[in-house]
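I have placed the structure first, in the form of structure tokens, so that the comments after it can refer back to it.
The values are calculated or read from the model by the stated rules, or taken from the named source; none is laboratory data. Values in this document were obtained by computation on a predicted structure and should not be read as measured data. Cβ placement follows ideal geometry from the backbone for every residue including glycine, while neighbour counts extend to all protein chains displayed. Note: accessible area is taken over every heavy atom of the protein model, side chains too, but ligands, DNA and RNA are not part of it. Shrake-Rupley method; radii C 1.70, N 1.55, O 1.52, S 1.80 Å.
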Amino acid sequence: MGETMEIRHFVTFKKVIETGSFTQAAEHLGYTQSTVTTHIQALEEHLGGPLFDRMGRKIKLTDIGSKLLPYVKEVLDTYEKIESITTDGEDIRGDLKIAAPESLTVYRLEPILKEFRNNFPHVNISLSNATCGDNKRSILNGSADVAFVMMPEFQDSDLIVHSLLDEPIVLVGSPDCSLNILDNSYKNQKISECFLANEKECSYRVMFEEYLGVRGIVPSQTMELWSIEAIKRCVRSGLGIACLPLMTVEDEIKEGRLKMIHCDGGFKQVFSQVAYHKNKWISPALSAFINITLKHAKDWSSEKITY
């Protein structure tokens with residue numbers, strides 16, 4: 001056997017898998033790329049074979065790497081438990097990795113994060129924003145401890161899921177938008193409005209595209225933007241229409257800066273939900289975060305839809 005394996009080597013190995021590259025792993029861990037390479041080489045020398053196939057900028061786990069991964073997760077999970085042996089109450093320490101869509105991060109999580117941070121200042125919080133599909137995958141593959149999603153209610157045999165609130169989805173346009181209703185009169189037609197949307201895997205974008213597809217309605221074009229705020233600004237300026245959670249546009253609708261466009265037949269119900277892996281060790285930090293989330297969710301509300 002070669003070099004002695006160390007906890008930090010396992011941490012680096014797992015981070016390379018999570019980020020998909022040695023460079024990104026180095027940035028996240030605060031290492032130089034050469035340090036990441038050294039850590040991986042130490043593991044490879046000890047195990048007697050390569051952990052990754054390096055194909056240009058892409059890396060892929062070898063058979064040895066794939067066999068090692070579940071043991072690394074188990075070791076790091078145990079290590080986290082050991083570190084928490086003497087922690088209680090305000091002395092809770094550790095890391096908490098949260099995955100959430102932009103909409104919930106901006107419009108729901110701020111008071112939750114604030115209370116958690118005030119109560120547990122020694123916990124390192126990492127919050128990543130991605131599509132709901134990516135967030136769900138992040139808890140299945142272990143790259144996040146807890147994830148928020150906004151999608152139809154779901155169950156997964158590997159996950160513990162708490163449904164938090166029915167989140168209405170609405171179609172909005174500028175006050176001057178000529179479109180006031182999508183009904184059967186638009187069936188199998190192309191409308192003049194541009195559809196302003198975010199990522200392709202966004203749950204409510206997929207839902208609206210399915211709504212249009214069933215009715216044969218085609219927007220003049222689809223324009224992808226990088227954030228909800230960017231979408232709202234473009235809608236207000238008259239560039240097109242957007243399908244968004246009501247909570248993200250409530251203020252603009254009340255103030256007359258946006259108007260709701262009735263969609264005949266309505267949309268599927270979408271719920272904000274929080275989930276974590278059923279086999280995940282519930283650290284004191286994770287337990288506290290879930291409890292604070294559930295407490296705040298009881299006070300969440302969403303306006304009734306009126307047209």
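Values as computed for the structure displayed
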| quantity | calculated |
| --- | --- |
| Among (i) 6, 27, 29, 19, 13, 5, 0; (ii) 6, 27, 37, 24, 6, 0; (iii) 5, 23, 27, 21, 15, 7, 1, 0, the entry derived from the coordinates for P(r) over Cα pairs in 10 Å bins from 0, in percent | (iii) |
| Highest average packing first - 118-124, 247-253, Cβ atoms within 10 Å | 247-253, 118-124 |
| Probe 1.4 Å - accessible area at LYS278, Å² to nearest ten | 100 Å² |
| Percent RCO, i.e. relative contact order, over the range 107-247, from Cα pairs under 8 Å lying at least 6 residues apart | 28 percent |
| Residue-level accessible surface for LEU239, protein heavy atoms, 1.4 Å, Å² | 90 Å² |
| Å² of accessible area per residue within the range 152-297, as computed with a 1.4 Å probe and no ligands counted | 46 Å² |
| Normalised contact order of the range 173-294, rounded percent, pairs of Cα under 8 Å and 6 or more residues apart | 35 percent |
| Inter-centroid distance (Cα atoms) of the range 200-265 relative to the range 153-176, Å | 15 Å |
| Cα gyration tensor shape for the range 1-69, rounded if a/c is under 1.5, else prolate or oblate | oblate |
| Carbon + sulfur, % of accessible area of the chain - ligands and nucleic acids excluded, 1.4 Å | 49 percent |
| Relative contact order [Cα under 8 Å, 6+ residues apart], the chain, whole percent | 20 percent |
| Computed label-point distance, nm, for sites GLU229 and LYS295 using a 7 Å Cα→Cβ extension | 2.9 nm |
| Cα gyration tensor category, rounded, prolate or oblate, for the range 166-269 with a/c compared to 1.5 | rounded |
| Per-residue SASA entry for TYR31, accessible area with 1.4 Å probe, Å² rounded to 10 | 80 Å² |
| Efficiency of FRET from Cβ geometry, ILE82 and LYS190, R₀ 41 Å, rounded to 0.05 | 0.10 |
